[in-house]
1. Being assigned to a helix (DSSP H, G or I), in contact with a Gly (Cβ under 8 Å, 6 or more places away or on another chain), within 23 Å of LEU102 (Cβ to Cβ) and not β-branched (Val, Ile, Thr) narrows it down to one residue among LEU222, LEU252; which is it?
2. Cβ-Cβ below 6 Å, separation at least six or inter-chain, first residue in the stretch 7-30 and more than 17 Å from SER121 (Cβ to Cβ), second open to solvent by 30 Å² or more (accessible area, probe 1.4 Å) and of a type outside the set (Ser, Thr, Tyr): which pairs?
3. Please enumerate the residues belonging to the stretch 261-292 that are farther than 24 Å from ARG229 by Cα and of a type in the set (D, E, K, R).
4. Anything in the stretch 263-298 that is in a loop (DSSP other than H, G, I, E, B), crowded, with 23+ Cβ neighbours inside 10 Å and modelled with pLDDT of 95 or more? List them, or say none.
5. Any residue at all in the stretch 69-85 that's closer than 28 Å to TYR136 by Cβ, surrounded by 24 or more Cβ atoms within 10 Å (Cβ to Cβ), hydrophobic (A, V, I, L, M, F, W, C) and in contact with a His (Cβ under 8 Å, 6 or more places away or on another chain)?
6. Cβ-Cβ under 9 Å, sequence separation 6+ or interchain: first residue in the stretch 85-100 and farther than 26 Å from VAL58 by Cα, partner open to solvent by 10 Å² or more (accessible area, probe 1.4 Å) and not in a loop (DSSP other than H, G, I, E, B). Which pairs?
7. From the list GLY237, GLY228, GLY206, which one is touching a strand residue (DSSP E or B) at 6+ places or on another chain (Cβ under 8 Å), touching a residue at least 12 places away in the same chain (Cβ under 8 Å) and either in a helix (DSSP H, G or I) or not charged (D, E, K, R) (or both)?
8. As an exercise: evaluate GLY237 against (1) of a type in the set (Gly, Ala, Ser); (2) modelled with pLDDT of 90 or more; (3) crowded, with 19+ Cβ neighbours inside 10 Å and give the number of the one condition it does not meet.
Amino acid sequence: MIDSPASPTDTEVAAAAALAGAEIVRARYGRLHSRIDKGAGDFATDVDVAAEEAILDVIRGARPGDAVHGEEGGRRGAVDAVREWLVDPLCGTLNYATGSHLVAVNVALRNGPAAVADPFSGEVFLTDGVTAWVQYDGDGYGKGWPGVRGRRVADGHVSGPVARRRPVGEDRLAPTGDTRLVDVNLDPPFPGAPAFRAVDLLAHPGFVERFRPRVVSTTLALAWVAAGRRAAYVTDGGDLSGSVHFAAGIALCRAAGCVVTGVDGGPVGPEGRGLVVAADAETHGLLMSLIRGRGRSV
């Protein structure tokens, strides 16, 4: 694959980059981390920064002419670059800083392939923009994965675990609403309030009758919807299609066949608001009826 003489595909680059970041996140888990204050209670850690640099190292080696927009470093690369990669090196920083494994590493080519890596399960969720699948090692990074080393070689190709060989397993993503588990993002700010607040869903009698709420503030929840482990995901916000936090997850869900709209039922994009991502049309319809049934205009 990426170690072959042929140029790596964008999907391979996304996978290798996400896994490079995930290796940093996994290796430094449980240590004392320095914090970088972002204001309003938000912060990054030295691991966020190191993981982003590892991801950029992969992308620069394989696609030197592309721009990269990272959560921590902002936009880098040629101003007139036609292509741009969106990078969230550690989605779920607060979870990570408090010792939780509920985190993800996101890499997405704008309007193209994307990868979401789980640093602790050894899974990487992938889309080439048309189909979506997951590659995994049943024993996680500790045994089966060879680790991410030597990510750049002389010819500009990328090496890494996905580049060297297929992991133990590979499955097509198959969304389903059968779990009835719905993740709701409760992180501030709440730009839709008071017209729409995701917290209102949790108190809605119709919601608790039909679904079982979960709260996970990470893109991992979107990957779980695409994989059939969650029925849906709901979050407030503006246009999230170009967000480093959500672009990879949105791409995965679209390629897997999920229903992806804003909280108003409209398309996700410049005029969109938030996300309602459901495994199927029935689940999406139920959630939209509950949102609209709050007696407020969204």
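The values are calculated or read from the model by the stated rules, or taken from the named source; none is laboratory data. In this text the structure is predicted, and so the values were computed from the model without any measurement. Note that we place each Cβ from the backbone using ideal geometry, even for glycine, and neighbour counts take in every protein chain shown. These accessible areas exclude ligands, DNA and RNA; they are computed on the full protein's heavy atoms, side chains included. Shrake-Rupley method; radii C 1.70, N 1.55, O 1.52, S 1.80 Å.
1. Within the list LEU222, LEU252, the selection yields LEU222.
2. THR11/ASP128; GLU12/MET1
3. ASP264, GLU271, ARG273, ARG292
4. ALA279
5. Within the stretch 69-85 (the criterion being closer than 28 Å to TYR136 by Cβ, surrounded by 24 or more Cβ atoms within 10 Å (Cβ to Cβ), hydrophobic (A, V, I, L, M, F, W, C) and in contact with a His (Cβ under 8 Å, 6 or more places away or on another chain)), the answer is yes, since at least one residue qualifies.
6. Listed pairs, sorted by first residue: SER100/LEU94.
7. Within the list GLY237, GLY228, GLY206, the selection yields GLY237.
8. With (1) of a type in the set (Gly, Ala, Ser); (2) modelled with pLDDT of 90 or more; (3) crowded, with 19+ Cβ neighbours inside 10 Å applied to GLY237, the lone miss is (2).
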